[in-house]
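Take a look at the structure set out below.
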């Protein structure tokens, strides 16, 4: 086991190479010193004020109250850190997890927990079954990163083009006044090019979100179980010349890990089966495309799984390509529970 | 100083276990003075392995402290029995693996601790295989056959 710290090393996750005891001791000392520093300094400040021996910098006013605030924050951070460190020392990961589980079993809390008691770590499907369908039992909610992409594209488009416009105006003014600033002129060219691309991307995203009509997926039953079949009803509205529209059942592993100070999330697709694909058809504004099909969950499918850092997620993915439009994709999460236990008589 | 010996034996060597099955397991710590053992923890738990940070969930947990056990020291053979839950099932994924095990941890004097675990399989989920995701441009090859433009 390595006993010395490497100078240049990017730490990953919770794995440590040194002694746990020494680490805990160091952590406790750090927070203890922080707490002492905060409490002693606060006591000094208050005492000095009461005794009238306040240094000029900390006379009652902004400086004094700022110092009080800083010292209180030192006390809170240090105190919380010491308590947390003490709780960690001498308690194994299993014991802490068992204590957390007992707390979760309290009736009041269990209703707010993300998974059902009979299927631990399988997420609840309450948010997926609270919207009844028109043709089938449930209309599945859609989740996609679209609004965030549009928001980011809009923010980038506005900020970048605002700066670029000012620079272009300055360049124009320098040229009109016959004192051209060639350095700035050359600098503005890539700025303007990126601005044009930002405009194109923003318009594309805007059209994608406003031009293509909603996709609706309804399902006959929920949650899903391995080996069972379900009916699906798919509807796509809008005014489109559709080249292809495909609905797939997809399973993805999602892992979250810390790398240094970064938190990264990775997804890995481990199952994808096309449920239906329709090519070359027209959707008119008054008449949405509608299709019914069957979905069968594979016999030995892994169930949905949700923990704090890792997940297995099942979803129906509608992926379409319409003429003059970029490819669009909409995801409808579903929950797959483990198969029902078979009886003794099989 | 010799390392203490921890042993765990699953009574029923079935492979794999199914949700609702009873898991019975005997465990023992040996090669250590009774006075050196402060406490023993036995747990049936799942934990994740793979690219993400570890998640851990305890299904069964018992802790025995020195002085709590009547007439016996903590080195005696003990048996734990629990009914296995419906989930999560053992999952041999690509970037995420879920493993089940019985773990026994012994806390010794001077802050020393040792642990041993015996893995077992819950459920029968086959290994996952990564699937390539379609490229956004892949549909454009249909352009030639598009007669509805």
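The values are calculated or read from the model by the stated rules, or taken from the named source; none is laboratory data. Only a predicted model underlies this, so the values are computations on that prediction, with no experimental measurement involved. Cβ: placed from backbone, ideal geometry, glycine included. Neighbour counts: every protein chain shown.
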Among the candidates B:58, B:104, which residue alone is under 16 Å from the mean Cα position of the chain (by Cα), buried (at least 21 other Cβ atoms within 10 Å of the Cβ), without any contact (Cβ under 8 Å) to a residue 24 or more places away in the chain and not in a loop (DSSP other than H, G, I, E, B)?
B:58
Can you confirm whether residue B:52 is at the interface with another protein chain (Cβ under 7 Å from one of its Cβ atoms) and at pLDDT below 95?
yes
Kindly indicate which of A:235, A:248 is within 15 Å of residue A:331 (Cα to Cα) and without any contact (Cβ under 8 Å) to a residue 60 or more places away in the chain.
A:235
Any chance you could count how many residues in the range A:323-337 are within 9 Å of chain B (Cβ to nearest Cβ), part of a loop (DSSP other than H, G, I, E, B) and within 22 Å of residue A:206 (Cα to Cα)?
4
Go through A:287, A:243 for me and flag whichever is more than 30 Å from residue B:50 (Cα to Cα), free of Cβ contacts under 8 Å to residues at least 24 places away in the same chain and in the same structural domain as residue A:205 (by TED's automatic domain parsing).
A:287
Contacts under 6 angstrom Cβ, first residue in the range A:198-214 being surrounded by fewer than 14 Cβ atoms within 10 Å (Cβ to Cβ), partner assigned to a strand (DSSP E or B) and modelled with pLDDT under 80, 6 or more apart
none
Within the range A:227-245, tally of residues that are modelled with pLDDT of 95 or more and within 13 Å of another protein chain (Cβ to nearest Cβ):
0
Please pick out the residue among A:284, A:299 that is within 27 Å of residue B:21 (Cα to Cα) and within 13 Å of chain B (Cβ to nearest Cβ).
A:299
Among (1) touching a helix residue (DSSP H, G or I) at 6+ places or on another chain (Cβ under 8 Å); (2) at the interface with another protein chain (Cβ under 8 Å from one of its Cβ atoms) - the single one residue B:108 does not satisfy
(2)
So which residues in the range B:9-49 are surrounded by fewer than 20 Cβ atoms within 10 Å (Cβ to Cβ), within 14 Å of chain A (Cβ to nearest Cβ) and either under 15 Å from the mean Cα position of the chain (by Cα) or within 16 Å of residue B:123 (Cβ to Cβ) (or both)?
B:16, B:18, B:19, B:20, B:21, B:22, B:49
With the requirement that a residue be more than 7 Å from every other protein chain (Cβ to nearest Cβ), surrounded by 12 or more Cβ atoms within 10 Å (Cβ to Cβ) and either assigned to a helix (DSSP H, G or I) or at pLDDT 65 or above (or both), what does the range B:124-137 give you?
none
Restricting the search to the range B:29-48, which residues are farther than 16 Å from residue B:119 by Cα and assigned to a strand (DSSP E or B)?
B:29, B:30, B:37, B:38, B:39, B:40, B:41
When you look at residue A:100, is it modelled with pLDDT of 75 or more and outside any helix (DSSP H, G or I), yes or no?
no
Limited to the range A:255-284, what total is found for residues that are within 30 Å of residue A:244 (Cα to Cα) and in contact (Cβ under 8 Å) with a residue 60 or more places away in the chain?
1
Determine whether residue B:80 is under 30 Å from residue B:125 (Cβ atoms), at pLDDT 90 or above and touching a helix residue (DSSP H, G or I) at 6+ places or on another chain (Cβ under 8 Å).
no
Is it the case that the range A:254-268 has a residue that's under 28 Å from residue A:239 (Cβ atoms) and either touching a helix residue (DSSP H, G or I) at 6+ places or on another chain (Cβ under 9 Å) or more than 8 Å from chain B (Cβ to nearest Cβ) (or both)?
no
